Amino acid sequence: MTSPTFTKSAQKLSKLEAIKERSNQLREPLATELLNDRNYLTEDAVQILKFHGSYQQDNRDNRVPGQEKDYQFMLRTRSPGGFIPPELYQTLDHLADEYGNGTLRTTTRQGFQLHGILKKNLKTVLSSIIKSMGSTLGACGDLNRNVMAPPAPYCDRPEYEYAKTYANYIADLLTPQTGAYYEIWLDGEKIVSAEENPEVKAARDRNGNGTIFHEGEEPIYGKHYMPRKFKCAVTVPGDNSVDIYTQDVGLVVITNAAGELEGFNVLAGGGMGRTHRKEETFPRIADEIGYVDRADIYDLMKAIVATQRDYGDRTNRRHARMKYLIEDWGVDKFRAQVEDYFGKPLKPFKPLPPWKYQDYLGWHEQGDGKLFLGISVENGRVKDDGSFRLKAALQKIHQKFELPMLITGNHNIILYEISPKHQQQIDRLLKEHGVLPETEIDPLVRYAMACPAFPTCGLAIAESERAIPSILDRIRVLLDKVGLEQEHFVVRMTGCPNGCARPYMAELGFVGSAPDTYQVWLGGSPNQTRLAEPFMERLALCDLEAVLEPIFVGFKQNRQPSESFGDFCHRVGLDSIRTFVSNYQVNSSMNIETKEIPVPTSPETLSNDATAPQAPVDPSKIRHRVSVRHDIYSQLKDESKRQSKPIVEIATQAIEEYLAKVRAES
């Protein structure tokens, strides 16, 4: 669906645009409401708070009918390239215990989130973060969000250093210049952790064919900021650890044979957010826009931002992301407008090698004699839970070694600057705290991502972080059952269609559509360069096996050599998969599996030693699985509810009665 071309003067501004205009550059009504005794902020103040890096939330697990909502706040760090200095991590860890819910959460944009902060503690928490070399300014809101970069801290590969450096420079260029942040949270005391690059400062103030405003505090953003959130990433050729095609703007470092930076390939127009039953909203991958020389990168970024700032939709927020502007205009018109602000044509996009999806788990050499270690953080949650005590392990490692940290784009953690003599000690600490090395993690878990969803995200309509562990377990059982024991693929899940964990790029994506119900998306590529497609509108979790088993069987029977699950789904097409599933359901009536599942009768039967003597198994306790057509299963399920009996009991009784009748007749 196309929309009319928007001009600077033709739009009727939305309610939120008016809130931004009245805010006095992100000050009010937030500053005033922080002084009252209420435990929540009004909607207008909440919208301004987002620009400062925080969301007001409601813990729905604690809701009591007739009582006030359980208001609390989430804070998110602005950490370009995922960099977290030791002092900042120790502060965040302490704040989580003192004022939050006792956990930290890594994000898929390479930052940390703190959950469970009360309004009365907001200023204390935010000021502590700022004083510890951190920031939350611009981590949320209608402006440039955290700029991503590959998290590998290689010292002998200059392209990685360029990516990290320019992620910081682009973040600085597009940081809000309003004094509101320091006025509100530090009573006007502006803490500067490092001297700003003079080139960045000069570029921010340079006019460049109408890209800046000459009045007010915000030369790039003006008083209305951006129409919607704006996301950037910088990477190196071949490294897709940042999901480069999902960004509003993606920059790819181009170096010469001597390893010197020459310029950047530019992609634009990616974005994941959409709305259920609103076909005019959709995920989109970025287009190749062109190439820009190193000296022109800041002016080019300002030109792209100005194009979206001035022509993006400020009437309909569902249509406000830059991806819709490019979709409506077409790439050529968008490029022409960017070039108008830029002042000259862009150069042709340069050829690139194939992309690879990296996670950097395990031990690696930095290139200077030191090591870095990638640690898997399941669902991004840094916590202590039973024998798994990642939070405590990281506390001890930081206290002992004070290592800098990088957050990855798939919400894992990298510790670096590690002396080789400390490797065994760190391994031992992690093992003692139940933290598994990457070699012992099921690849299904390793490459999976989920958003937080319930109980605190106000947009969630289904579980995600709390649901995905059991779902991955069930998928693994299914793969083992159909003979795909070694198979794995990228699984991502969100509790709503906004796509924070980027499910639309997954080989198998789950998108919450109702409680315990999800859309199913299939066909993304393993290297995260192709969109998945919607396969099923509503999958109830209780039907997970019935839906996925025939898909996996079809994959096993019809895949090409070494073909991934996502590539298979894309190649054969979703209609072919639906046909196979339909025929599978019709033709798979009462097929008895060959696998037997014995129930242990003594501890000896749990031995992993196949030669060990086994206690005799009671034949009455051996179980065989039987599959039935989907329509029969649905009838069994309904009858199970009606009689309040387990399905297996009803099915067993029916089979016993049928066999008794057959024997009697013979």
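For a quick protection proxy, order the peptides 546-559, 486-499 by their average other-Cβ count within 10 Å, most packed first. Spell out each step's value before the answer.
Working: 546-559: 18.4, 486-499: 22.9.
My ranking of the peptides, most packed first, is 486-499, 546-559.
Within straight cross-link reach of Lys383, meaning Cα distance under 17 Å, which aspartates and glutamates are found once same-chain residues fewer than 8 apart are removed?
Leaving aside aspartates and glutamates fewer than 8 places away in the same chain, those within reach of Lys383 are Asp93, Asp97, Glu98, Glu432, Glu465.
List the residues whose amide H sits under 5 Å from the amide H of Ile289, counting only those 5 or more places along or on another chain, with H placed 1.01 Å from N in the peptide plane.
For Ile289, the qualifying residues are Val266, Leu267, Ala268.
Solvent-accessible area per residue for the chain at a 1.4 Å probe radius, Å²? Kindly include the intermediate steps, with their values, before the conclusion.
Numbers: 29580 Å² over 666 residues.
Solvent-accessible surface per residue comes out at 44 Å².
Dividing the convex hull volume of the alpha carbon atoms of the stretch 272-312 by its residue count, what do you get in Å³ per residue? Before the final figure, lay out each step's value.
Numbers: hull volume 3.8 nm³, N = 41.
About 92 Å³ per residue, rounded to a whole number.
What is the mean projected area of the alpha carbon convex hull for the stretch 151-265, to one decimal in square nanometres? The partial results should precede the final answer.
Details: hull surface 37.3 nm².
For the stretch 151-265, averaging the hull's shadow over all directions gives 9.3 nm².
Which whole-number percent is the relative contact order of the stretch 124-219 (Cα, under 8 Å, 6+ apart)?
Numbers: 68 pairs, mean separation 23.1, N = 96.
Relative contact order comes out at 24 percent.
So, R0 is 22 Å and r is the distance between the beta-carbons of Lys356 and Gln423; what FRET efficiency does that work out to, to 0.05? Don't skip to the answer; put the middle values down first.
Working: r = 26 Å, r/R0 = 1.17.
After rounding to 0.05, the efficiency reads 0.30.
Sort out for me the Cα centre separation of the stretch 284-304 from the stretch 190-228, rounded to whole Å.
About 17 Å separates the Cα centre of the stretch 284-304 from the one of the stretch 190-228.
Multiply the residue gap between Leu186 and Asp205 by 0.36 nm, knock off their C-alpha separation, and tell me the result in nm, one decimal place. Working shown, then result.
Working: separation 19, 0.36 × 19 = 6.84 nm, distance 2.58 nm.
Working it through step by step, the gained length comes to 4.3 nm.
What aspartates and glutamates could a cross-link reach from Lys20, if we take a straight Cα to Cα line under 14 Å and drop same-chain neighbours fewer than 8 places away?
Glu28, Glu43, Asp44, Asp142, Glu217, Glu218
How much of the DSSP beta bridge set in the chain is antiparallel, as a percent to the nearest 5? Don't skip to the end; give the middle numbers.
Working: 58 of 71 bridges.
Of the beta bridges lying entirely in the chain, close to 80 percent run antiparallel.
Please work out the Kirkwood hydrodynamic radius for the stretch 121-197, using every pair of different C-alpha atoms, and report it in angstroms with one decimal place. Write down the numbers at each step before the final one.
On the way: mean 1/r = 0.0710 Å⁻¹.
Answer for the stretch 121-197: a Kirkwood hydrodynamic radius of 14.1 Å.
Got a sec? Which residues in the stretch 485-516 would a label at His276 touch, if it sits 7 Å along Cα→Cβ and we count backbone N under 17 Å?
Flagged as within label range: 493-501, 503-504, 509-516.
Please report, in Å, the Rg and the Dmax of the stretch 24-89, where both are computed over Cα atoms only.
Rg, Dmax (Cα atoms, Å): 14.9, 45.
With every protein chain left in place and a probe of 1.4 Å, what is the accessible surface of Lys201, to the nearest 10 Å²?
Number for this one is 110 Å².
Computed FRET efficiency, Cβ-Cβ of Asn59 and Leu636, R0 41 Å: what is it to the nearest 0.05? Kindly include the intermediate steps, with their values, before the conclusion.
Working: r = 38 Å, r/R0 = 0.92.
Here the calculated transfer efficiency is 0.60.
Going out from 0 in 5 Å bins, what whole percent of all Cα-Cα distances in the stretch 284-375 drops into each bin?
Spelled out per bin, shortest first, that is 3, 11, 17, 16, 13, 10, 11, 9, 8, 3, 0.
Volume per residue, Å³, of the convex hull around the alpha-carbon atoms of the stretch 232-287? Let's see the in-between values first.
Numbers: hull volume 3.9 nm³, N = 56.
Looking at the stretch 232-287, the number lands at 70 Å³ per residue.
Are there cysteines in the chain with no other Cys C-beta under 4.7 Å, and if so, which?
Cysteines of the chain left without a disulfide-compatible partner: Cys140, Cys155, Cys232, Cys457, Cys496, Cys542, Cys569.
What is the extension gain from Lys431 to Phe388, computed as 0.36 nm multiplied by their sequence separation minus the C-alpha to C-alpha distance, in nm to one decimal? Kindly include the intermediate steps, with their values, before the conclusion.
On the way: separation 43, 0.36 × 43 = 15.48 nm, distance 0.95 nm.
Value of the extension gain: 14.5 nm.
Compute the length gained on full extension between Asp516 and Glu563: take 0.36 nm times their separation in residues and subtract their Cα-Cα distance, giving the result in nm to one decimal. Intermediate results must be reported in sequence, preceding the final value.
Working: separation 47, 0.36 × 47 = 16.92 nm, distance 3.10 nm.
In short, 13.8 nm is gained.
What order do you get for 247-254, 309-316 when each peptide is scored by the mean count of other beta carbon atoms within 10 Å, highest first? Spell out each step's value before the answer.
Numbers: 247-254: 25.9, 309-316: 19.8.
Top of the packing list down: 247-254, 309-316.
Given a 1.4 Å probe and every protein chain left where it sits, what share in percent of the accessible area of the chain is carbon and sulfur? Numbers along the way, then the final one.
Working: 14680 of 29580 Å².
Carbon-and-sulfur percentage of accessible area, whole number: 50.
Residues with amide H under 5 Å of Gly263's amide H, sequence separation 5 or more or different chain, H placed in the peptide plane at 1.01 Å from N; which?
Residues meeting the amide H criterion: Ile254, Arg294.
Given the C-alpha centroids of the stretch 482-524 and the stretch 305-347, what is the distance between them in whole angstrom?
Measuring centre to centre over Cα atoms gives 30 Å.
Working with all protein chains in place, sort Leu173, Leu13 by solvent-accessible area computed with a 1.4 Å probe, largest first.
Leu13, Leu173
With contacts defined as alpha carbon pairs under 8 Å and 6 or more residues apart, what's the relative contact order of the chain in percent? Intermediate values should be presented prior to the final figure.
Numbers: 1323 pairs, mean separation 70.8, N = 666.
Here the relative contact order equals 11 percent.
Can you give me the C-alpha center-to-center distance between the stretch 374-443 and the stretch 37-65, rounded to a whole angstrom?
Result: 32 Å between the Cα centres.
Before rounding to the nearest 500, sum -39500 (n - 2.57) across all DSSP H runs of length at least 4 in the chain and divide by the residue total; then give [θ] at 222 nm in deg cm²/dmol.
On the way: 20 runs with 220 residues, N = 666.
One gets -10000 deg cm²/dmol as the mean residue ellipticity at 222 nm.
Using Cα-Cα distances under 8 Å and only pairs 6 or more residues apart, what relative contact order does the stretch 392-479 have, in percent? Display every interim value, and only then the final one.
Values: 56 pairs, mean separation 15.7, N = 88.
Across the stretch 392-479, relative contact order equals 18 percent.
Taking the simple approach of a point 7 Å from Cα along Cα-to-Cβ for both Glu98 and Arg578, what is their distance in nm?
Calculated label separation equals 5.7 nm.
Return P(r) of the chain (all Cα-Cα pairs; 10 Å bins starting at 0; whole %; ordered from short to long distances).
For the chain, the pair-distance distribution reads 3, 14, 24, 25, 18, 9, 5, 2, 0, 0.
If I model a spin label at Arg318 and Gln486 as a point 7 Å from the Cα along the Cα→Cβ vector, what separation in nanometres do I get?
4.7 nm
Treat every Asp and Glu Cβ in the chain as -1 and every Lys and Arg Cβ as +1, leave all other atoms uncharged, and give the resulting dipole magnitude about the Cα centre to the nearest 20 debye.
Details: 82 positive and 90 negative charges, 238 e Å.
Its charge dipole is roughly 1140 debye.
Do the alpha carbons of any pairs in Lys201/Lys223; Lys231/Lys356; Lys278/Lys391; Lys69/Lys431; Lys15/Lys131; Lys123/Lys396 sit beyond 30 Å of each other, and which pairs? Show your work: numbers first, answer last.
On the way: Lys201/Lys223 20 Å; Lys231/Lys356 21 Å; Lys278/Lys391 41 Å; Lys69/Lys431 40 Å; Lys15/Lys131 35 Å; Lys123/Lys396 28 Å.
Long pairs (Cα-Cα over 30 Å): Lys278/Lys391; Lys69/Lys431; Lys15/Lys131.
Compare the peptides 122-129, 62-69 by average per-residue count of other Cβ atoms within 10 angstrom and give them in order, highest first. Don't skip to the answer; put the middle values down first.
Numbers: 122-129: 19.9, 62-69: 9.1.
The peptides rank, most packed first, as 122-129, 62-69.
The values are calculated or read from the model by the stated rules, or taken from the named source; none is laboratory data. Here the structure is a predicted model, which is why all the values come from computation and not from measurement. Because the Cβ atoms are built from the backbone with ideal geometry, glycine has one as well, and the counts that use them run over all protein chains shown. With ligands, DNA and RNA removed, areas are computed over all heavy atoms of the protein, side chains included. Shrake-Rupley method; radii C 1.70, N 1.55, O 1.52, S 1.80 Å.
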